[in-house]
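Student: Before anything else, here's the structure in question.
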Amino acid sequence: MSIIVNHLSYVYSQDTAYAVKALKDISFQVEDGEFIGLLGSTGSGKSTLIQHLNGLLTPTEGSVYYNGEDIFEKDYDRRLLRSRVGLVFQYPEHQLFEADVFSDVCFGPKNLGLSKSECELRAYEALKLVGIKDEEFYVSPFDLSGGEKRRTAIAGVLAMKPEVLILDEPTAGLDPKGREEILSLIRRIREDTGMTVILVSHSMSDVAENTERLLVMYQGQLVLDDTPRRVFSEADYMREIGLDIPQVTKVLWGLRKRGFPVRTDAITLAEAKAQIMRLF
Ligand SMILES: Nc1ncnc2c1ncn2[C@@H]1O[C@H](COP(=O)(O)OP(=O)(O)O)[C@@H](O)[C@H]1O
Ligand SMILES: [Mg+2]
């Protein structure tokens with residue numbers, strides 16, 4: 001069971017004067033249960049790529065396989081695929097629209113043709129998983145806080161019980177506390193469900209602290225596919241492609257330059273702390 005992306009290219013507005021080559025010959029494979037960070041500066045093609053993984057965009061060239069089947073074959077059930085590969089769009093709270101939180105989360109399962117009681121059970125479980133309190137189930141989604149709205153939108157995707165969860169910049173526009181809430185939620189979802197998770201971000205710290213493998217994009221190409229530690233050891237290259245290394249790694253480089261004997265390969269806060277404590 002896996003996702004295989006095979007020589008995928010995508011051109012927006014092909015055959016017009018406005019054609020944009022957004023993806024260029026991308027190939028990679030995702031195994032069940034992986035926690036992957038998809039990293040790249042704005043415009044590098046991240047959102048375009050993930051919309052191919054659940055069949056929302058059709059490749060200009062190349063193919064995508066889900067569990068061994070070509071998802072762009074004529075008879076492939078892409079509607080079903082969209083419930084298996086759940087995509088949380090950037091600023092998903094803009095898509096809340098039902099009268100109350102509970103109905104909003106029921107919307108996806110209802111569309112799958114499930115019974116009313118099954119929809120409600122799933123909505124309840126999903127809202128519990130993202131930490132929305134019972135007393136908020138029947139308020140208008142528009143009366144929730146920013147963080148709650150976003151968690152409700154994530155619940156709407158979880159209620160479809162996807163096998164793969166893809167989140168497009170889920171921390172965008174949140175303050176540090178809101179960010180950490182969403183990131184710890186994503187970690188918890190993964191621990192509770194064992195789902196495959198693809199976290200799209202341009203924040204080095206978000207992906208360094210959380211994921212096990214990084215796919216790095218630059219100008220429509222997949223330029224690195226490696227562990228976060230090895231990716232962030234390429235500090236100069238990262239800077240060249242408009243990215244950076246995590247803040248804590250930079251602090252260690254600064255200390256090293258000033259003559260302190262620290263290792264500079266720490267990428268998480270906990271690792272950096274351990275290096276600094278050794279100095280005392
Ligand atoms: N609907 C669209 N029409 C034309 N070009 C687009 C459209 N969406 C994105 N692009 C272009 O495709 C490239 C990749 O964009 P995108 O996938 O949104 O990157 P990212 O998510 O990494 O910021 C950019 O050059 C962007 O301007
Ligand atoms: Mg994007």
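Student: Of the heavy-atom accessible surface of the chain (probe 1.4 angstrom), what whole percent is carbon and sulfur?
Tutor: After summing per-atom areas, the C and S share lands at 50 percent.
Student: Heavy-atom accessible area of residue 89 with all protein chains present, probe 1.4 Å, nearest 10 Å²?
Tutor: We get 70 Å² for residue 89.
Student: Going by alpha carbons, how many degrees (0 to 90, nearest 10) lie between the helix axis of 116-129 and the longest principal axis of the chain?
Tutor: 20
Student: Give me the net charge for the shell around residue 237: Cβ to Cβ below 13 angstrom, other residues only, Lys and Arg +1, Asp and Glu -1.
Tutor: -3
Student: Still on this structure: For helix 101-111, what angle does its Cα long axis make with the longest principal axis of the chain, in degrees from 0 to 90 and rounded to 10?
Tutor: Roughly 70 degrees, rounded to the nearest 10.
Student: Another question, if that's okay. Please say if region 41-137 is rounded, prolate or oblate, where rounded means a/c under 1.5 for a ≥ b ≥ c the square roots of the C-alpha gyration tensor eigenvalues, and otherwise the choice is prolate for a/b larger than b/c and oblate otherwise?
Tutor: Since a/c reaches 1.5 but b/c is at least a/b, the shape of region 41-137 is classed as oblate.
Student: Still on this structure: Any idea what the relative contact order of the chain is, in percent, if you count C-alpha pairs under 8 Å spaced at least 6 apart?
Tutor: Taking the mean separation of contacting Cα pairs over the length of the chain, I get 22 percent.
Student: Once you sort the root eigenvalues of the Cα gyration tensor of the chain as a ≥ b ≥ c, which label holds: rounded (a/c under 1.5), prolate (a/b larger than b/c) or oblate (the other case)?
Tutor: Because a/c hits 1.5 or more and a/b fails to exceed b/c, the chain counts as oblate.
Student: Around residue 66, what is the net charge, scoring Lys/Arg as +1 and Asp/Glu as -1 over all other residues with Cβ under 12 Å from its Cβ?
Tutor: Taking every Cβ under 12 Å from that of residue 66, the sum is -3.
Student: Springs between alpha-carbon atoms under 10 Å, Gaussian network over the chain: tell me which of 232, 107, 260 tops the mean-square fluctuations.
Tutor: So, out of 232, 107, 260, the one fluctuating most is 260.
Student: Could you give the angle, 0 to 90 degrees to the nearest 10, between helix 247-257's Cα long axis and the longest principal axis of the Cα atoms of the chain?
Tutor: Roughly 0 degrees, rounded to the nearest 10.
Student: Sticking with this structure for a sec: Mind checking which lysines have their Cα closer than 28 Å to the Cα of residue 128? Skip sequence neighbours fewer than 8 apart in that chain.
Tutor: The reachable lysines, counting only those whose Cα sits under 28 Å from residue 128, are 110, 116, 149, 161, 177.
Student: With θ taken as phi - 60° and the coefficients 6.51, -1.76 and 1.60, list the Karplus ³J(HN,Hα) couplings across region 136-148 in order, rounded to whole Hz; mark glycine and proline as x.
Tutor: Coupling constants for region 136-148: 9, 4, 10, 8, 5, x, 6, 8, 7, 6, x, x, 5 Hz.
Student: Can you tell me which of 168, 236, 104 moves the most in a GNM of the chain? Springs connect C-alpha atoms under 10 Å apart.
Tutor: Ranking 168, 236, 104 by mean-square fluctuation puts 236 first.
Student: Further question: Can you give the accessible area per residue of the chain, in Å², using a 1.4 Å probe?
Tutor: 50
Student: Check the straight Cα-Cα distances from residue 250 and name the aspartates and glutamates below 18 Å, setting aside those fewer than 8 residues away within the same chain.
Tutor: 206, 209, 234, 236, 240, 265, 271
Student: To the nearest 10 square angstrom, how much accessible area does residue 46 have with a 1.4 angstrom probe?
Tutor: 10
Student: Right, something else. Check cross-link reach from residue 24 to the lysines: straight Cα distance under 27 Å, and skip same-chain residues fewer than eight apart.
Tutor: 46, 74
Student: Which of these, 259, 147, 37, has the largest mean-square fluctuation under a Gaussian network model of the chain (Cα springs below 10 Å)?
Tutor: Per the Cα network of the chain with a 10 Å cutoff, 259 tops the list.
Student: Can you bin region 137-201 into rounded, prolate or oblate? Criterion: square roots of the alpha carbon gyration tensor eigenvalues sorted a ≥ b ≥ c, rounded for a/c under 1.5, prolate for a/b above b/c, oblate for the rest.
Tutor: Oblate shape, in that a/c is at least 1.5 and b/c is the bigger or equal ratio.
Student: Let me ask something additional. Taking the Cα centre of the chain as origin and charging only Cβ (+1 Lys, Arg; -1 Asp, Glu), how large is the dipole, in debye to the nearest 20?
Tutor: Dipole about the Cα centre, nearest 20: 920 debye.
The values are calculated or read from the model by the stated rules, or taken from the named source; none is laboratory data. On a predicted model such as this, the values are computed, not experimentally measured, just so you know. Note that each Cβ is placed from the backbone with ideal geometry, even for glycine, and that neighbours are counted across all protein chains shown. For accessibility, only protein heavy atoms count, side chains too; no ligands or nucleic acids. Shrake-Rupley method; radii C 1.70, N 1.55, O 1.52, S 1.80 Å.
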